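Structure record follows, encoded as structure tokens.
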Amino acid sequence: MAQHSPHPSGASRVRRRALLGTVVLVVLVALAGLAAYLTRDGRSPSKTPAPPPSSPVASSSPAAPSGPHTRPRALPVPPKTHDPIKYGKAAAAALWSYDTRAYSQRELLDALHGWLTRESKYADKASVEALVPSPVLWKEMAANGQFASATANEGHFPESFSRALQEDPGAITQTYVYAVTVSGKQSIAWNGSSAGGAESRVTTLAVQCRPSQPCALAGVLPAVAP
């Protein structure tokens, strides 16, 4: 998929993701798939592009509350919370949602950048941008008024994260980066559709919650930690 905005060089991108992975690794111990993520070359993380309007998502469950007359959604705004699970659920729902009727692809990217931690060495911007449809795909989707809504039904610390914290509670006090796994559902619809499609979603996020400031997103991990 096309890049949405200029990114650092391949080496810089690998170093940044390696740093994020190392921070999370301190508390996750050995998240499956993370090692490959840290050592791969400068490729962007794999993307799951939003389906084009002509190809709705197949689903075995009924479409969730997304009808052709649903009012346009505002850009996502991060909550002010010190609870990493609450923040992780809000961030996941924001990353799974979009509305081509209400704003541009660039505006959505800018809004999602606002969820990232201001500590640049821990912010993996590329992992967030990878979840947004490319400008070309966004244009195609916008022609049909495609939009997606999402709900985050459950969030928790992965087992390896909780176990590591129990074994060494002080390990997180340097970076305060938590791993949060969120599951939920994304529903897609477009102008003229009587029913959209819905599918389950699950992702593991890196969330930074320092005691002195509200939580912020550090990035999206390439593998789901149960």
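Summary of values
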{"quantity": "Check on G192, open to solvent by 60 Å² or more (accessible area, probe 1.4 Å) and among the small types (G, A, S)", "calculated": "yes"}
{"quantity": "Every residue from region 165-221 that is of a type in the set (K, R) and closer than 19 Å to Q146 by Cα", "calculated": "K185, R201"}
{"quantity": "Meets criteria (touching a helix residue (DSSP H, G or I) at 6+ places or on another chain (Cβ under 9 Å) and more than 24 Å from G114 (Cβ to Cβ)) for A164", "calculated": "yes"}
{"quantity": "Among (1) in contact (Cβ under 8 Å) with a residue 40 or more places away in the chain; (2) open to solvent by 40 Å² or more (accessible area, probe 1.4 Å); (3) in contact with a Lys or Arg (Cβ under 8 Å, 6 or more places away or on another chain) - the single one N153 does not satisfy", "calculated": "(1)"}
{"quantity": "Matching option when the condition is touching a helix residue (DSSP H, G or I) at 6+ places or on another chain (Cβ under 8 Å) and either at pLDDT 95 or above or assigned to a helix (DSSP H, G or I) (or both), among A126, A90", "calculated": "A126"}
{"quantity": "Residues within region 156-175 that are outside any helix (DSSP H, G or I) and either surrounded by fewer than 22 Cβ atoms within 10 Å (Cβ to Cβ) or within 17 Å of the chain's Cα centre (by Cα) (or both), tallied", "calculated": "6"}
{"quantity": "Selection within region 176-226 - assigned to a strand (DSSP E or B) and of a type in the set (G, A, S)", "calculated": "A179, S183, G184, S187, A189, G197, A198, S200, A206, A216, A218, G219"}
{"quantity": "In region 95-120, the residues that are in contact with a Leu (Cβ under 7 Å, 6 or more places away or on another chain), touching a residue at least 60 places away in the same chain (Cβ under 8 Å) and in a loop (DSSP other than H, G, I, E, B)", "calculated": "W115, T117"}
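Yes/no per residue for (1) modelled with pLDDT of 95 or more; (2) within 16 Å of S127 (Cα to Cα); (3) aliphatic (A, V, I, L, M):
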{"site": "F157", "(1), (2), (3)": "yes, no, no"}
{"site": "R163", "(1), (2), (3)": "no, no, no"}
{"site": "D168", "(1), (2), (3)": "no, no, no"}
{"site": "Q174", "(1), (2), (3)": "no, no, no"}
{"site": "G192", "(1), (2), (3)": "no, no, no"}
{"site": "S200", "(1), (2), (3)": "yes, no, no"}
{"site": "A206", "(1), (2), (3)": "yes, yes, yes"}
{"site": "L217", "(1), (2), (3)": "yes, yes, yes"}
{"site": "P226", "(1), (2), (3)": "no, no, no"}
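The values are calculated or read from the model by the stated rules, or taken from the named source; none is laboratory data. On a predicted model such as this, the values are computed, not experimentally measured, just so you know. Glycine also receives a Cβ, built like all others from the backbone with ideal geometry; neighbour counts cover every protein chain displayed. Note: accessible area is taken over every heavy atom of the protein model, side chains too, but ligands, DNA and RNA are not part of it. Shrake-Rupley method; radii C 1.70, N 1.55, O 1.52, S 1.80 Å.
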